[in-house]
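Trainee: The structure follows.
The values are calculated or read from the model by the stated rules, or taken from the named source; none is laboratory data. Treat the numbers as computed from the prediction; the structure is a model and nothing was measured. Heads up, the Cβs are rebuilt from the backbone with ideal geometry, glycines too, and the neighbour counts pull from every protein chain shown.
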Amino acid sequence: MSANDADHATVTGSTERETATAVSEAEGPIVDLSGVTFGYTATPVVEDVSLAVESGEYVAVVGPNGSGKSTMLRCVNRLAEAQEGSITLDGEEVLSPDTDVDELRREVGMVFQSFNLFAHLSAVGNVALGPRRVLDLSEDEARERAANQLERVGLADQLDSYPAELSGGQQQRVGIARALAMEPKLMLFDEPTSALDPELIGEVLEVMRSLVDEGMTMLVVTHEMSFARAVADEVVFLDDGRVVERGPPEQLFERPENERTGRFLERIASHD
């Protein structure tokens, strides 16, 4: 992303995001993690993580590979079961044994590193599947909703294309449309560009930027530092399963307070 693109991303949609921020201050966070810990063995992968995402915010989570970022994200919709702490979605405890996990995952859309599309279904078929089976929409209603979401991500001309006929960037945009079709309160992105060729990354980031401008609440694990710096409301640096530092992007990227954060950013910059 060029400097001009970054400036444009910061300015575009400012009115919508200011409105969303005003609403969030009145309503509280959409998702709130407090003291979340998860481990496969005695050694935690995620340890005592606390963070919150207000309505309409884009919070970016950055850090080295193996730092627990993806696992933390999966705890939010219980693809990984946190062993300690609290997670609330719109004020409701996610980790309660009474939580309807299927309903939780309807309200929390997730976009994965791999596209996970059904090869035997067209783009519109992949997107319509959830609304039809989970939301009990009719086939016509589900297809209409799917077509609208594919248009939203710039794929109105690929409704009947199969995954094998689409580029990696197009497949990931189908994945985004699939999550959006469930009309979630929160979108989780787990390094959505990591499996893409460099020349295809921009089209996915453009869709994500449009969601930011629309006021979608987003928690994003990413290595796209320029994009996070341009559009995030807050950046969280995770290392060894713990939150090391957090703050506005201009502060964390330009004036990190923790030495470990600074070393990480220097290493990333040296590879740009």
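Trainee: Hey, could you check region 81-116 for residues that are over 21 Å from the mean Cα position of the chain (by Cα) and either of a type in the set (Phe, Trp, Tyr) or in a strand (DSSP E or B) (or both) and say which is surrounded by the fewest Cβ atoms within 10 Å (Cβ to Cβ)?
Mentor: If we take residues in region 81-116 being over 21 Å from the mean Cα position of the chain (by Cα) and either of a type in the set (Phe, Trp, Tyr) or in a strand (DSSP E or B) (or both), then Glu84 is surrounded by the fewest Cβ atoms within 10 Å (Cβ to Cβ).
Trainee: Here is a further query. Against the definition (closer than 12 Å to Gly241 by Cα and touching a helix residue (DSSP H, G or I) at 6+ places or on another chain (Cβ under 6 Å)), how does Val45 come out, yes or no?
Mentor: Working: closer than 12 Å to Gly241 by Cα: yes; touching a helix residue (DSSP H, G or I) at 6+ places or on another chain (Cβ under 6 Å): yes.
Here the answer is yes, as Val45 does meet what is asked.
Trainee: Would it be correct to say that Ala147 is touching a Lys or Arg at 6+ places or on another chain (Cβ under 6 Å), outside any loop (DSSP other than H, G, I, E, B), crowded, with 18+ Cβ neighbours inside 10 Å and not basic (Lys, Arg)?
Mentor: no
Trainee: Could you give me the residue pairs with C-beta distances under 8 Å whose first residue belongs to region 231-258 and is more than 22 Å from Thr43 (Cβ to Cβ), whose second residue is among the polar types (S, T, N, Q) and in a strand (DSSP E or B) wherever it lies, and which are 6+ apart or on separate chains?
Mentor: Correct list of pairs: empty, since none qualify.
Trainee: Which of the residues spanning region 186-223 are modelled with pLDDT of 95 or more, part of a loop (DSSP other than H, G, I, E, B) and among the acidic types (Asp, Glu)?
Mentor: Within region 186-223, Glu191 is the sole residue that qualifies.
Trainee: Further question: Given the criterion closer than 23 Å to Glu103 by Cα, among the charged types (D, E, K, R), without any contact (Cβ under 8 Å) to a residue 24 or more places away in the chain and part of a loop (DSSP other than H, G, I, E, B), identify the matching residue among Glu141, Glu183. Don't jump to the end; show me each part of the working.
Mentor: Numbers: Glu141 fails: part of a loop (DSSP other than H, G, I, E, B).
Within the list Glu141, Glu183, the selection yields Glu183.
Trainee: Which residue out of Ala128, Ala119 is surrounded by fewer than 18 Cβ atoms within 10 Å (Cβ to Cβ) and over 19 Å from the mean Cα position of the chain (by Cα)?
Mentor: On the way: Ala128 fails: surrounded by fewer than 18 Cβ atoms within 10 Å (Cβ to Cβ).
Answer to the check: Ala119.
Trainee: Output yes when any residue across region 162-171 is in contact (Cβ under 8 Å) with a residue 40 or more places away in the chain and closer than 23 Å to Glu107 by Cβ, and no when none is.
Mentor: Checking region 162-171: not a single residue is in contact (Cβ under 8 Å) with a residue 40 or more places away in the chain and closer than 23 Å to Glu107 by Cβ.
Trainee: Got a sec? Which of Val46, Val76, Val36 is touching a Cys at 6+ places or on another chain (Cβ under 8 Å) and either within 16 Å of Val220 (Cα to Cα) or in contact (Cβ under 8 Å) with a residue 60 or more places away in the chain (or both)? Please lay out each step first, then the result.
Mentor: On the way: Val76 fails: touching a Cys at 6+ places or on another chain (Cβ under 8 Å); Val36 fails: either within 16 Å of Val220 (Cα to Cα) or in contact (Cβ under 8 Å) with a residue 60 or more places away in the chain (or both).
Just one listed residue meets the conditions, Val46.
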